[in-house]
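Peer 1: Starting off with a structure, shown below.
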Amino acid sequence: MRTIGNKIKNLRLQKGLTQEELGERTDLSKGYISQIEREISSPSIETLFSLLEVLGISAKDFFDDDTLNQKVVYAQNDVTSYEDIEQGYHVTWLIPESNEKDMEPVLLQLAPGGAFKTYEPSGAETFVYVLEGRVTLQLGRQSYIAAQGETLYYKASEIHQLRNESDMKTKVLVTATDSYL
């Protein structure tokens, strides 16, 4: 069973806040936040509610252990797929709420001559691992080809697209930050 201090620390870290930032938003000192997280001090009910408000969680959800447990294993029935026969691709989102996370992993299958969407420049970083076949990345004016077992890693700072210019099926694992897939 997780302690109140441990739960507060985990929520603070999930929100990307330092102890000092959490303290500033709740009119508490960094030292006191540290003491709560280390179970040296216990917050009053009023202080706890103030912390929970800043951390964006209700008291009910905070004390419901199932709410704070992160999902780690995703089953086959958790995935979502979309197929565009005309463009020659089939995309499977491996994590259902991936657009709410820091990374978005998808399995992308490209038919011979198929192409995935063309994307505008963004701040995302993209990792592509070729599981089968080969894939062409058009990044701005440059083209890059990766074959089975090879990896592409790039900043999506220019217009870009993944294509299959071969005569065999291509399957790649794509993970992007700043969800845009």
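Peer 1: Can you tell me which residue within the stretch 130-142, out of those that are closer than 16 Å to Gly114 by Cα and not hydrophobic (A, V, I, L, M, F, W, C), is most open to solvent (accessible area, probe 1.4 Å)?
Peer 2: Arg134
Peer 1: Is it the case that some residue within the stretch 58-66 is at pLDDT below 90 and closer than 30 Å to Thr170 by Cα?
Peer 2: Initially, the stretch 58-66 is screened for residues at pLDDT below 90, giving 58-66.
Those still in the list that are closer than 30 Å to Thr170 by Cα too: none.
Within the stretch 58-66, none of the residues are at pLDDT below 90 and closer than 30 Å to Thr170 by Cα.
Peer 1: Hey, another quick one. From Ala124, Ala115, Ala75, which residue is aliphatic (A, V, I, L, M), open to solvent by less than 70 Å² (accessible area, probe 1.4 Å) and modelled with pLDDT of 95 or more? Outline the logic, then answer.
Peer 2: Working: Ala124 fails: modelled with pLDDT of 95 or more; Ala75 fails: modelled with pLDDT of 95 or more.
Of the residues listed, the single one that is aliphatic (A, V, I, L, M), open to solvent by less than 70 Å² (accessible area, probe 1.4 Å) and modelled with pLDDT of 95 or more is Ala115.
Peer 1: Okay, moving on. Among the numbered conditions (1) over 19 Å from the mean Cα position of the chain (by Cα); (2) at negative phi; (3) part of a loop (DSSP other than H, G, I, E, B), tell me where His90 comes up short.
Peer 2: So the condition that His90 fails would be (3).
Peer 1: Consider Pro105 carefully, then state whether it is open to solvent by less than 70 Å² (accessible area, probe 1.4 Å), in contact with a strand residue (DSSP E or B) (Cβ under 7 Å, 6 or more places away or on another chain), more than 19 Å from Ser157 (Cβ to Cβ) and modelled with pLDDT under 85. Working first, answer last.
Peer 2: Working: open to solvent by less than 70 Å² (accessible area, probe 1.4 Å): yes; in contact with a strand residue (DSSP E or B) (Cβ under 7 Å, 6 or more places away or on another chain): yes; more than 19 Å from Ser157 (Cβ to Cβ): yes; modelled with pLDDT under 85: no.
No.
Peer 1: With open to solvent by less than 30 Å² (accessible area, probe 1.4 Å) and at pLDDT below 95 as the only criterion, which of Glu53, Glu37, Glu24, Glu20 stands out?
Peer 2: Selected residue: Glu37, the only one of Glu53, Glu37, Glu24, Glu20 that is open to solvent by less than 30 Å² (accessible area, probe 1.4 Å) and at pLDDT below 95.
Peer 1: Shifting gears a bit: Pick from the stretch 41-57 the residues that are without any contact (Cβ under 8 Å) to a residue 24 or more places away in the chain and among the β-branched types (Val, Ile, Thr): which of them is farthest from Ile8 (Cα to Cα)?
Peer 2: Out of the qualifying residues, it is Ile45.
The values are calculated or read from the model by the stated rules, or taken from the named source; none is laboratory data. What you see is a predicted model; the values in this text were computed from it and never measured. Please note: Cβ atoms are built from the backbone with ideal geometry, for glycine as well, and neighbour counts cover all protein chains shown. In case anyone asks, the SASA skips ligands and DNA or RNA and just uses the protein heavy atoms, side chains included. Shrake-Rupley method; radii C 1.70, N 1.55, O 1.52, S 1.80 Å.
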